[in-house]
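The values are calculated or read from the model by the stated rules, or taken from the named source; none is laboratory data. Predicted model only: the values in this text are computed from it and were never measured. Glycine also receives a Cβ, built like all others from the backbone with ideal geometry; neighbour counts cover every protein chain displayed. Surface areas here come from the heavy atoms of the whole protein model, side chains and all, with no ligands, DNA or RNA. Shrake-Rupley method; radii C 1.70, N 1.55, O 1.52, S 1.80 Å.
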Amino acid sequence: MRKKIFRHVIAFAVSIAAAAALTVPAAASTSYETVEDNNYGKYSYVSKLNVIYRVDMKKRSFKKIKTFKGVTNIHYISYRKGYLYFVLNKYKGSDMACDYIYRMKTNGKSLKKLAVGSQPAIMGGKIYYLAGLRHGSGGDAYTTVRGINKMSLNGSGKKRLLTGTNVTDLACASGRIRYKTSDNIYKVSALNTDGSASTLNINWDGNSPIIHSSTDKLLLEYPSSTYQQGLSESGKSLVAKINDNGYLSRGYRSLGFMNGCGFYRSTTLSSGRVTGTLYMFKTGENAKGKKVKYLKNGFPMDVLAVNKGSIVLAQTYNGGGNKNAAISVMKTNGKGYRVVSKYFQW
């Protein structure tokens, strides 16, 4: 039986002893530019369930671009040269997924399926992703991870870089592919773009690290503290502590770095209601987070877009009925907050 459950697990902050902060270097080269950004000019592209919206981030107004039939939710939206790249999950439930990577133009036309898989990251003109294998058919079809692939931006030239069913997360930075494996213990490793093993590993021994990336940095969570990780040209791993009182949102690359900002959250349970605070930090040395907004009617799940001084976020919603989630918008200083749309999220 499919489990129609709310997929986000409430995390409670646990204090961890402070660690020394070291300088995180800038990217040594721009030839491996990583695209994990859904912004273009004043517009950002976000999704709610099976719909993609274009948001005017100056006016904080929403326009529906495309509605997908037979789709449960949409993840990992990135913009690149007139196209949106994203993942469509076609599984009707939350205990599994049936993931496909697509691209389309920003006007909703020229839709094309590129691959069976998830977590696409564009780096150096190639797409790196978790390759999937489809099982079953129709509404019962689901996909499982079979390794890491790369392909061109139009879906051609697919090549397997790593074979393994225990790969759970992928992030690209500094010309290398970082990936997390789960095999009784969690480990973060690295590949070169040709698939060979990289000696530039993170050597992360934390519990269940969550990885997010920008051009030259990663975010790692252990398990309630967040660290920013960079790599020097010599391969030395440098880590700067961000916070010790909050969790990264378990999002779809949305709560990593966006437009030079990073985000984490804390949650509180009181009288059976969960509330929470969104924190934002600037990438860089010893980048402590600052409070953005305390949500009395829920807590932040994922930051969907950051652009032109505005934030779009998905949040839980304590408004009663069957509306347990909502899309909200506000300024980066926490002002002008409003709930845009309430919906039911499995």
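Observations on the model:
- Restricting segment 291-300 to residues that are over 12 Å from Tyr279 (Cα atoms) and of a type outside the set (Lys, Arg), the residue that is least open to solvent (accessible area, probe 1.4 Å): Gly298
Yes/no per residue for (1) under 18 Å from Met330 (Cβ atoms); (2) at pLDDT 95 or above:
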| position | (1), (2) |
| --- | --- |
| Glu36 | no, no |
| Gly41 | no, no |
| Asn50 | no, yes |
| Tyr53 | yes, yes |
| Phe62 | yes, yes |
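- Residue match in segment 141-152 (condition: in a loop (DSSP other than H, G, I, E, B), open to solvent by 10 Å² or more (accessible area, probe 1.4 Å) and within 23 Å of Val35 (Cα to Cα)): yes
- When residues of segment 82-116 are limited to those that are of a type in the set (Phe, Trp, Tyr) and more than 20 Å from Tyr43 (Cβ to Cβ), the one surrounded by the fewest Cβ atoms within 10 Å (Cβ to Cβ): Tyr100
- Restricting attention to segment 86-139, the residues that are out of contact with any strand residue (DSSP E or B) (no Cβ under 7 Å at 6 or more places or on another chain) and free of Cβ contacts under 8 Å to residues at least 40 places away in the same chain total 4.
- Among residues of segment 71-84 that are over 21 Å from Asn154 (Cβ atoms), those with a beta-carbon under 7 Å from a residue that is aromatic (Phe, Trp, Tyr) and in a loop (DSSP other than H, G, I, E, B) at least six positions away or on a different chain give the pairs Thr72/Tyr91.
Okay, residues lined up against (1) at pLDDT 90 or above; (2) outside any loop (DSSP other than H, G, I, E, B); (3) open to solvent by 10 Å² or more (accessible area, probe 1.4 Å):
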{"site": "Val303", "(1), (2), (3)": "no, yes, no"}
{"site": "Leu313", "(1), (2), (3)": "yes, yes, no"}
{"site": "Val339", "(1), (2), (3)": "yes, yes, yes"}
{"site": "Lys342", "(1), (2), (3)": "yes, yes, yes"}
{"site": "Gln345", "(1), (2), (3)": "no, no, yes"}
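- Selection count where residues are more than 28 Å from Gly136 (Cβ to Cβ), part of a loop (DSSP other than H, G, I, E, B) and touching a Gly at 6+ places or on another chain (Cβ under 9 Å), scope segment 90-110: 1
- Subset tally (residues that are surrounded by 15 or more Cβ atoms within 10 Å (Cβ to Cβ) and either β-branched (Val, Ile, Thr) or at pLDDT below 70 (or both)) for segment 263-283: 5
- Qualifying residue in segment 121-140 (condition: surrounded by fewer than 19 Cβ atoms within 10 Å (Cβ to Cβ) and within 17 Å of the chain's Cα centre (by Cα)): no
- Single residue of segment 52-64 satisfying the filter (farther than 12 Å from Phe86 by Cα and not basic (Lys, Arg)) that is surrounded by the most Cβ atoms within 10 Å (Cβ to Cβ): Val55
- Of all residues in segment 315-337, those being in a loop (DSSP other than H, G, I, E, B) and among the basic types (Lys, Arg) number 2.
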